[in-house]
Amino acid sequence: MFNVAIDGPSGAGKSSICTEAAKRLGFVHVDTGALYRSIAYSTIKNGTNIDDEISLRNLLNMTKIEILFENDTQSVILNGENINDKIRSEEVSLKASDVSKIPMVREFLLDLQRQLARNGNTLMDGRDIGTVVLPDADVKIFLTASPEKRAERRYLQLLAKGEKIEYNSVLDKIIKRDYQDSHREIAPLKPSEDSVIVDTSELDFEESVKKVIEIIEEKL
Ligand code: DC
């Protein structure tokens, strides 16, 4: 069993780069952001006040998350419902950043993430995989890009999906999320000392995938 931890800020292309790299390597790709998004989606759907510990605890007690892997794609099943196409909106993104600051939520997802890594050769992406979830991962990569480049990519993605949005508002949100993600007390976003930093600002998709695979293959 070989574990690869890939961390980095939102919009560095982590998800698509990891999906493709895992596919070429024959690894299972686990996108842990989707787990935080699922909790966020559930709090929105149930109108849960996330600042109220008891309400949040009750919600988590009623929450069953399962992960399905089909055709190299991960699906999140929340209490029996496939919610994959519901967790990518801006509303859920912002809420996911909020819920991910809460220790109870991080603890709730920790075991699930570790179990998923035991299923076989795994490439897991998130924010704290190399530092907290899989500190003994065989390879740790920190995938990043400049905020402007990340905003540009995210903006184009949202446009393609038909969302009406302005570049500056995407950039503002990215800067706000970066700040929240890297300044929270628990599991802040930061490269672990033993991670290889890959900056994709000047790399296209194919170059980024090749770089990641090259780093992994060196250790395989
Ligand atoms: O990678 P993403 O944009 O789908 O992540 C959604 C949110 O979840 C983001 O604000 C950071 C948080 N997150 C986290 O705190 N830890 C992880 N391992 C993955 C995501």
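Residues that are under 17 Å from ASP128 (Cα atoms) and either in contact with a Ser or Thr (Cβ under 9 Å, 6 or more places away or on another chain) or modelled with pLDDT of 95 or more (or both) number at least 3 in the following helices (runs of 4 or more DSSP H) confined to the range 1-83: 33-46. Output the residue which, of all residues in the range 121-144 that are aliphatic (A, V, I, L, M) and more than 15 Å from the chain's Cα centre (by Cα), is nearest to the ligand (Cβ to nearest atom). Restricting to residues being aliphatic (A, V, I, L, M) and more than 15 Å from the chain's Cα centre (by Cα), the top hit is ALA137. In summary, ILE65 fulfils each of the numbered conditions (1) within 15 Å of the ligand (Cβ to nearest atom); (2) in contact (Cβ under 8 Å) with a residue 60 or more places away in the chain with the single exception of condition (2).
Residue check: is LEU116 assigned to a helix (DSSP H, G or I) and either aliphatic (A, V, I, L, M) or in contact with a Lys or Arg (Cβ under 7 Å, 6 or more places away or on another chain) (or both)? Yes; evaluated as a whole, the condition is true for this residue. If you go through the range 1-40 and keep only what is aliphatic (A, V, I, L, M) and surrounded by fewer than 21 Cβ atoms within 10 Å (Cβ to Cβ), you end up with MET1, LEU25, VAL28.
So which residues in the range 62-87 are under 15 Å from the mean Cα position of the chain (by Cα) and surrounded by fewer than 15 Cβ atoms within 10 Å (Cβ to Cβ), if there are any at all? Spell out the reasoning first.
As a first pass, look at the range 62-87 and keep what is under 15 Å from the mean Cα position of the chain (by Cα): 67, 73-76, 84, 87.
Of everything in the range 62-87, those that are under 15 Å from the mean Cα position of the chain (by Cα) and surrounded by fewer than 15 Cβ atoms within 10 Å (Cβ to Cβ) turn out to be THR73, SER75.
Scanning the range 148-179 for residues that are among the polar types (S, T, N, Q) and closer than 23 Å to SER16 by Cβ yields GLN157, SER169.
Take residues that are touching a Gly at 6+ places or on another chain (Cβ under 8 Å) and tell me which of the helices (runs of 4 or more DSSP H) falling wholly in the range 120-220 contain 3 or more.
Ranges flagged: 147-160.
From the list ILE50, ILE102, the one residue that fits, being within 19 Å of the chain's Cα centre (by Cα), in contact (Cβ under 8 Å) with a residue 40 or more places away in the chain and farther than 20 Å from ILE6 by Cβ, is ILE102.
Condition check ((1) within 12 Å of the ligand (Cβ to nearest atom); (2) surrounded by 13 or more Cβ atoms within 10 Å (Cβ to Cβ)) across all residues:
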site: ARG150; (1), (2): yes, yes
site: ILE165; (1), (2): no, yes
site: ASP178; (1), (2): yes, yes
site: GLU193; (1), (2): no, no
site: ILE197; (1), (2): no, no
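The values are calculated or read from the model by the stated rules, or taken from the named source; none is laboratory data. Keep in mind it's a predicted model, so treat the numbers as computed, not measured. Heads up, the Cβs are rebuilt from the backbone with ideal geometry, glycines too, and the neighbour counts pull from every protein chain shown.
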